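A short write-up of the structure that comes next.
Only the coordinates and a few stated rules stand behind these numbers; no lab work does. Remember, predicted model here, so these are calculated numbers, not experimental data.
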Amino acid sequence: MRFPFRYLLSLVPGMVLLGMALPAGSEPLLAATAFGMSEPQLLSTLPELQRLHRPLPGPGGSRGLWTLPRTTVAQHPFDTVFYFRNHQLQRIEQTWVSSAQPCDARAVFEDVIREVQARYGASVVRGSDTLSAETGDTALWVADDTDLLAIVQDTATRCAVRLVNKPRTLKDDSEL
C-alpha cells in the first residue's frame, strides 16, 4: 500500500524512512526508540516486512535482513532495507533504481529534496564536491537525532536515488 510521503513524515518526526512504512492509523514510533529495535520489535510494528533471501552487507558490520518493497517517497517507488547489527536496527536505506534511458534520477532526487525540505527545511549540506564525481549530488539533514542522507547517481552505468537514515553519532575531537 502506498501513502503520501508528507503524511508519513508527520507520523514519525525523527524516523523519516521508517515512517514511510507505517500504515495509516498506526501509533507513531519515537525517534529515540526506533533505532536499536530488535527484529521481533520491528516485525510487530511492521508485520508486512519480508525477510531477504540473502542478507545484504552494510557499513560497520551491519546486515540488511528485512525489506519493505515498493514504499512511496515523493510519489516514486522505493525499496526499503532494514539493517541490523548486534540484533538491533542500525540503519534504514531506501533505493529507487531505473533502467530507463535517459536516466531520470535527477528529477526523482529533486522531488525527494522538495518533500524532505517541506518537513525539515533546507539541507545542512548539499553538493557534489563532498563525494566522488561518480556518486553525483548529495543532501544531508539532521533531525531528531538522526541523519538523513539523499544521494543521486546519474551515470552511464547507474540510475538511482538512495536515502539513508541512521542515528546521529557525534564524536569529540579526541576520536577524530
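Along the range 148-162 the Karplus relation, 6.51 cos²θ - 1.76 cosθ + 1.60 evaluated at θ = phi - 60°, assigns HN-Hα couplings of 10, 10, 10, 10, 10, 10, 10, 10, 5, 10, 9, 10, 8, 10, 10 Hz to successive residues, with x for each Gly and Pro.
Figure the gain on full extension for Gln41 and Leu56 (residue separation times 0.36 nm, minus the Cα-Cα span) and round it to one decimal in nm. Don't jump to the answer; show the numbers that get you there.
Working: separation 15, 0.36 × 15 = 5.40 nm, distance 2.02 nm.
Value of the extension gain: 3.4 nm.
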